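The values are calculated or read from the model by the stated rules, or taken from the named source; none is laboratory data. Here the structure is a predicted model, which means the values were calculated and not measured. Here the Cβ is made from the backbone with ideal geometry for all residues, glycine too, and neighbour counts use every protein chain on show.
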Amino acid sequence: MAALEIHNVRKEFGSERVLKDVSISIDSGEFLILVGPSGCGKSTLMNAIAGLEPVTAGNIYIDGEDVTWRTPADRDIAMVFQSYALYPSMTVRQNISFGLEMRKVPKPEREAAVERVADLLQITHLLDRKPAQLSGGQRQRVAMGRALAREPKVYLFDEPLSNLDAKLRVDMRTEIKKLHQRLGTTIVYVTHDQVEAMTLADCIAVMRDGHILQLGTPDEVYNNPVDMFVAGFMGSPSMNFIRATLEDGNGGYQLRITTPEEADLVLPWPEARIGAGMAERLNQPVILGLRPEHFSEEDERLTSQAEGTLLSANVAVVEPTGADILLRLPLGEQEVTARVGPKCAVAAGERLALRVDMGRAILFDAETEQRIA
Amino acid sequence: MANVIRRQTPAARLFRGLLYGVLILAALFYILPLVVMLMTSVKPLSEISAGSLLSLPQNPTLTPWTKAWGEACTGMRCEGVGGYFWNSFAIVIPAVLISTTIGALNGYALTKWRFKGSELVFALMLFGCFIPFQVVLLPMAQTLGWLGISSSRAGLILVHVVFGIAFTTLFFRNFYVGIPNELVSAAKLDGAGFFRIFWRILLPVSAPIIVVSVIWQFTQIWNDFLFGVAFSAHNTQPVTVALNNLVNTSTGVREYNVDMAAAMIAALPTLVVYVLAGKYFVRGLTAGSVKG
């Protein structure tokens with residue numbers, strides 16, 4: 001049975017439609033991430049699940065029960081807020097046990113629960129402090145402890161890491177993942193950070209303008225995006241979109257990329273990847289999607305790269321990140337980003353031969369931005 | 001000012017001297033009436049009629065104070081202002097507590113439990129801050145009559161509460177608007193209700209604005225004369241009305257020293273309240289402008 005099921009939920013503020021027929025279902029123990037740019041409706045959806053805002057239409061089920069019109073307290077959920085929302089006048093201990101106290105859990109049990117989560121999150125030494133005396137990371141832990149103490153059916157995390165500095169954010173991300181693996185809790189997690197989404201989720205829902213564009217595993221969303229928005233949103237640096245024309249080459253499809261000053265670049269489309277919509281778009285403009293890591297130095301993967309297509313370009317900018325090097329180079333009418341190994345000794349202005357892994361390339365319709373193949 | 005960098009030229013020093021001179025003069029000018037009152041209140045009557053206003057008392061005496069408290073005539077009766085002083089407390093304390101409590105609940109509801117039209121309700125309540133006292137005298141008298149509490153302490157308390165709510169609501173609403181709504185959401189998820197959230201989450205952090213509200217209301221209600229004179233019976237009049245009666249009762253020689261002592265008595269509680277809690281008053285008014 002689904003731990004959380006959202007069924008055709010709509011939400012309108014006046015005439016503005018914030019959620020348009022959203023449906024999601026996740027199993028017990030699953031980690032669902034709602035990701036999207038600001039204003040896409042992900043926080044509204046979270047508030048609807050929490051019961052903090054009523055929905056205009058649709059139903060929400062938790063553990064098979066219809067909770068659409070239940071109060072937040074009666075839904076058996078806990079939430080970790082972006083600002084942590086720790087009660088400023090209470091100690092950490094009181095903060096963690098407040099929810100249990102409201103539910104009239106006897107004192108010994110409350111104390112046991114506090115001990116348990118404090119131990120789990122390593123905040124035992126902070127129990128008698130007030131929130132104002134804690135650092136950002138510690139507050140974050142207390143906020144999670146408050147949620148964990150009640151052992152609810154579903155946990156909601158509303159951008160919990162966005163107020164932390166970069167290093168702490170990575171640490172806490174790992175911590176949350178560990179916790180999830182250990183406790184097997186059902187989690188709905190809102191973020192605008194696609195790295196968090198990729199690393200944490202069992203299931204990602206990419207949202208835009210109140211719609212769920214794609215619902216799938218991180219691998220599906222990353223490697224098989226449904227449209228250009230999802231493709232561009234997931235991954236950093238983001239996917240390169242190259243204008244091209246779909247042509248019938250000798251024995252198969254090929255993509256022609258017109259280059260202003262040089263000869264046209266022709267990339268053959270692998271036979272294994274031919275999609276249903278390709279025939280009708282023959283000789284029409286399409287968008288070729290290539291991730292930076294789909295490029296590689298010509299000599300780097302000589303052994304394994306049989307189907308890679310060779311091209312050469314003048315490197316415009318070299319950006320070493322330490323782990324690898326990002327190159328900006330012109331391809332057709334636009335500039336693309338390519339990720340090459342850290343040993344690549346190329347300087348700006350030099351010409352470099354690159355292999356393109358067309359086997360992982362993605363083709364989009366130039367107008368609808370939907371995926372073709 | 002030790003951390004301000006400036007060049008110590010003679011001209012700058014002269015200017016600074018002048019600046020301090022002007023400021024000290026201004027301060028003296030402001031404190032003078034109080035000093036004169038205080039000096040006059042401890043002078044015997046003979047000294048007042050002989051000496052000038054500013055001369056120091058030669059034979060200080062507390063007789064005017066005891067007379068003002070217990071013997072001076074306020075109209076027909078000659079019992080001093082002492083009884084009226086306690087009358088004032090009997091009016092002010094309940095009125096302050098009730099209006100502050102209601103204001104806090106209003107501010108809480110208007111910010112954390114918004115409803116359709118809550119902003120309009122707030123705007124209308126704000127309007128109450130600008131209604132002149134005189135305008136409501138007649139309708140209020142009528143209302144108190146209907147309620148059967150005209151010329152009673154309860155009636156006067158009601159009037160002060162109704163008038164005070166506009167201000168206390170404004171204070172609390174503006175304070176609570178700065179408290180994150182996520183706190184209330186978290187408490188809702190934890191299972192707390194309207195009053196529980198107010199009592200356990202918001203009230204414990206409201207000390208600064210409670211102080212502001214209490215000082216403001218205390219001062220307003222204590223210093224009120226118009227409602228006091230209009231809506232109270234003889235035995236429930238506040239001290240401000242008694243002071244007026246005392247000063248206006250003329251039998252024989254005008255006892256300026258007694259008048260001044262009575263005025264001091266009437267002014268003392270608000271001064272004490274401000275001295276004791278003034279620090280928190282300023283802190284509460286500026287709370288929210290700087291993030292704690």
Which of the residues spanning the stretch B:21-45 are over 25 Å from the mean Cα position of the chain (by Cα) and more than 23 Å from B:Asn59 (Cα to Cα)?
B:Gly21, B:Val22, B:Leu23, B:Ile24, B:Leu25
Kindly state which strands (runs of 3 or more DSSP E) lie completely within the stretch A:274-373 and contain at least 3 residues that are more than 18 Å from A:Thr258 (Cα to Cα).
A:295-297, A:317-320, A:325-331, A:334-340, A:351-356
Would you mind telling me which numbered condition in (1) in a helix (DSSP H, G or I); (2) at the interface with chain A (Cβ under 10 Å from one of its Cβ atoms) B:Leu156 fails?
(2)
Applying the selection to the stretch A:77-92, what residues are more than 9 Å from chain B (Cβ to nearest Cβ) and surrounded by fewer than 20 Cβ atoms within 10 Å (Cβ to Cβ)?
A:Thr91
For the stretch B:171-198 the number of residues that are in contact (Cβ under 8 Å) with a residue 24 or more places away in the chain and not hydroxyl-bearing (Ser, Thr, Tyr) is 13
Output for Cβ contacts, cut-off 7 Å, separation at least six or different chains, first residue charged (D, E, K, R) in the stretch B:110-121, second not in a loop (DSSP other than H, G, I, E, B), reads B:Lys112/B:Tyr176; B:Lys112/B:Asn181; B:Lys112/B:Val184
Candidate set: the stretch A:140-168, residues that are surrounded by fewer than 19 Cβ atoms within 10 Å (Cβ to Cβ) and of a type in the set (D, E, K, R); chosen: the one farthest from the other protein chains (Cβ to nearest Cβ)
A:Lys167
Checking A:Cys40 against (1) at negative phi; (2) more than 14 Å from every other protein chain (Cβ to nearest Cβ); (3) surrounded by 15 or more Cβ atoms within 10 Å (Cβ to Cβ); (4) not in a loop (DSSP other than H, G, I, E, B), only one condition comes out false. Which one?
(4)
Being of a type outside the set (Gly, Ala, Ser), assigned to a helix (DSSP H, G or I) and more than 14 Å from chain A (Cβ to nearest Cβ) narrows it down to one of B:Leu170, B:Leu189, B:Leu183, B:Leu202, so name that one.
B:Leu170
The residue from B:Ile209, B:Ile201, B:Ile165 that alone is touching a Phe, Trp or Tyr at 6+ places or on another chain (Cβ under 6 Å) and more than 21 Å from A:Phe81 (Cα to Cα) is B:Ile209
Contact list please: Cβ distance under 7 Å, first residue in the stretch A:47-76 and away from chain B (no Cβ under 14 Å) and in contact (Cβ under 8 Å) with a residue 60 or more places away in the chain, second residue buried (at least 16 other Cβ atoms within 10 Å of the Cβ) and not polar (S, T, N, Q), pairs at least six apart or on different chains.
A:Asp63/A:Ala3; A:Asp63/A:Lys153
What number goes with the only condition from (1) outside any helix (DSSP H, G or I); (2) in contact (Cβ under 8 Å) with a residue 60 or more places away in the chain that B:Ile5 does not pass?
(2)
Has the stretch A:112-120 got any residue that is modelled with pLDDT under 95, surrounded by fewer than 18 Cβ atoms within 10 Å (Cβ to Cβ), more than 8 Å from chain B (Cβ to nearest Cβ) and assigned to a loop (DSSP other than H, G, I, E, B)?
no
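Can you tell which of A:Lys153, A:Lys167, A:Lys107 is more than 25 Å from A:Phe31 (Cα to Cα) and basic (Lys, Arg)?
Residue meeting the stated conditions: A:Lys107.
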Within the stretch B:245-255, does at least one residue satisfy the condition of being away from every other protein chain (no Cβ under 11 Å) and under 14 Å from the mean Cα position of the chain (by Cα)?
no
From B:Ile221, B:Ile209, B:Ile201, B:Ile265, grab the single residue that is buried (at least 18 other Cβ atoms within 10 Å of the Cβ), free of Cβ contacts under 8 Å to residues at least 40 places away in the same chain and in contact with a helix residue (DSSP H, G or I) (Cβ under 7 Å, 6 or more places away or on another chain).
B:Ile201
